[in-house]
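The values are calculated or read from the model by the stated rules, or taken from the named source; none is laboratory data. Here the structure is a predicted model, which means the values were calculated and not measured. Please note: Cβ atoms are built from the backbone with ideal geometry, for glycine as well, and neighbour counts cover all protein chains shown.
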Amino acid sequence: MSSNDNTISFPELIKLKRDGGQLSSEDIHTFVQGVISEGIQDSQIGAMLMAIWQKNMTDEETLALTREMMNSGHTFEWPKEWLVVDKHSTGGVGDKVSLPLAPALAACGCKVPMISGRGLAHTGGTLDKLESIPGFNVKQSVQQVKQIIKDVGCCIVGQTESLVPADRVLYATRDATSTVDCLPLITSSIISKKGAEGLSALVLDVKFGRAALYKDLDSARELAQSLVTAGNRLGVKTGAALTRMDAPIGQSVGNAVEVCEALECLKGRGPDDLTELVTILGGHLLWLCGNFTLESGKKEIALKLKNGEALKKFQAMLEAQGVSEDVARSLCSDETDYFKHMRRAAHQTELKVPDDGAVLDIDGLALAEVLHKLGAGRNKSGEEIDHSVGAEILVKMGQRVQKGESWIRIHHNIDLSTDQRSDLQKALVIGSLDKYKAVSRVAEFIHPNNPKMS
Ligand code: IUR
């Protein structure tokens, strides 16, 4: 780049960060503009990311990077009186929370322009789950998103080309340069996309545990703090829940099977832990918006799941996003034969409990890894996944079981190998009931002025 004005050159910017200096807002503007205008070389982007990885960023720098990334493309603007809200999860096994949460919030009068991702890990992401439903179209233009939000109140769509283009380039380069695991880069990537949605409030579900990105509470708390700080400083009322991610959420893992469970939750019959997460995260958002206390917000969401209003919104969202009226109506009716409309895998194999006792643990990661090998997840972006592959867990944590009863039903299209059967059996831990202690999935909340509100 030329330096005929006061603008610092890219090698100078990289050197400044490499040597532990602080980048100004102008420096970060120059860098992000270089990224989206392709005025910077790939090697320079990689070098800057590595310098950031090594020297970290101050809160000021992280905020400037987040703001520049957010403004690198289209940003949504909504009528001032609307309460525009969203949730972001750092990802977990069996995490289908967005499916009931978006319509439940819409039923409470909020607007939810949920821009979601595909799974790269063990099983699919929210978009993959929804694509198990024939006709569901996650690709919606900015104009279509605006129309659906106006008419229905919620949508769940993929990232459009025009939204935060800088993140696409930076994320791909982070992937190629081993700089994904860097707090300011993760924070700016997540919050810039949420900021571009034009939100009033955002709740983050930051997971920790065996089946989460962050294995321990302390590192998850550090990420949550960073996200909450950046979100609030960007003008979005942002809070976070730190939630346990060891055993799968709910009783199903996969794509189509998770849609079935989400529909059950929307019919007021979901598993307790899933319903708890939906009501806590939704209640939190209502509270952040200012019209509810935490308790009354939770009750409001629970009511919308019980009285069918959230289900009605889900049905309207399905139709607005391309599902035929007949299929949407049938899925959202009293019927439970969801596989009339979604493809069922060729085989269902049940595995048996090896001993008498109580269910002490179900290793979500082990389970997800087997399902991934059976086709439920991808190895690289763009790969096809098999929506029909999944698992229904037939026992609950803390439940007494007897040797020989079925504990899991695997939906698969290729044979289960001996190793896979053995890995699945190792995921189930049976022991004495007195060793079992029920715990809520939610460990802590993080808020800007009250960082450790348990
Ligand atoms: N999700 C994002 O949107 N960005 C990131 O950097 C990560 C997850 I890690």
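Step by step: first the residues of region 395-440, then only those that are under 24 Å from the mean Cα position of the chain (by Cα) and at pLDDT below 95, then the one that is farthest from V359 (Cα to Cα). Which residue is that? Per the stated criteria, the residue is S440.
Filtering region 162-180 to residues that are of a type outside the set (A, V, I, L, M), within 16 Å of the ligand (Cβ to nearest atom) and more than 17 Å from K380 (Cβ to Cβ) leaves P165, D167, T179. Selection of region 413-449 for residues being touching an Asp or Glu at 6+ places or on another chain (Cβ under 9 Å), in a strand (DSSP E or B) and of a type outside the set (A, V, I, L, M, F, W, C) yields only G431. Within region 136-149, the set of residues being buried (at least 19 other Cβ atoms within 10 Å of the Cβ) and not in a helix (DSSP H, G or I) comprises F136, V138, Q140. Which pairs have Cβ atoms under 7 Å, sit 6 or more apart or on different chains, and link a residue in region 173-187 that is touching a residue at least 60 places away in the same chain (Cβ under 8 Å) to one that is charged (D, E, K, R) and part of a helix (DSSP H, G or I)? Note: pairs meeting the criteria are T173/D42; L183/E222; P184/E61; L185/R174.
Helices (runs of 4 or more DSSP H) fully within region 1-75 that include at least 1 residues being over 21 Å from T229 (Cβ atoms) and basic (K, R): 10-18. Counting only helices (runs of 4 or more DSSP H) that sit completely within region 266-368, those holding 3 or more residues that are free of Cβ contacts under 8 Å to residues at least 24 places away in the same chain and touching a Gly at 6+ places or on another chain (Cβ under 7 Å) correspond to 294-306.
Scanning region 76-85 for residues that are crowded, with 16+ Cβ neighbours inside 10 Å and either without any contact (Cβ under 8 Å) to a residue 40 or more places away in the chain or part of a loop (DSSP other than H, G, I, E, B) (or both) yields a count of 3. Which members of region 182-198 meet the condition of being near the ligand (Cβ under 9 Å from one of its atoms) and over 17 Å from the mean Cα position of the chain (by Cα)? Passing the criteria: C182, L185. Considering only residues that are modelled with pLDDT of 95 or more and in contact with a strand residue (DSSP E or B) (Cβ under 6 Å, 6 or more places away or on another chain), look in region 49-92 and name the one that is nearest to the ligand (Cβ to nearest atom). Checked region 49-92; the qualifying residue nearest to the ligand (Cβ to nearest atom) is H88.
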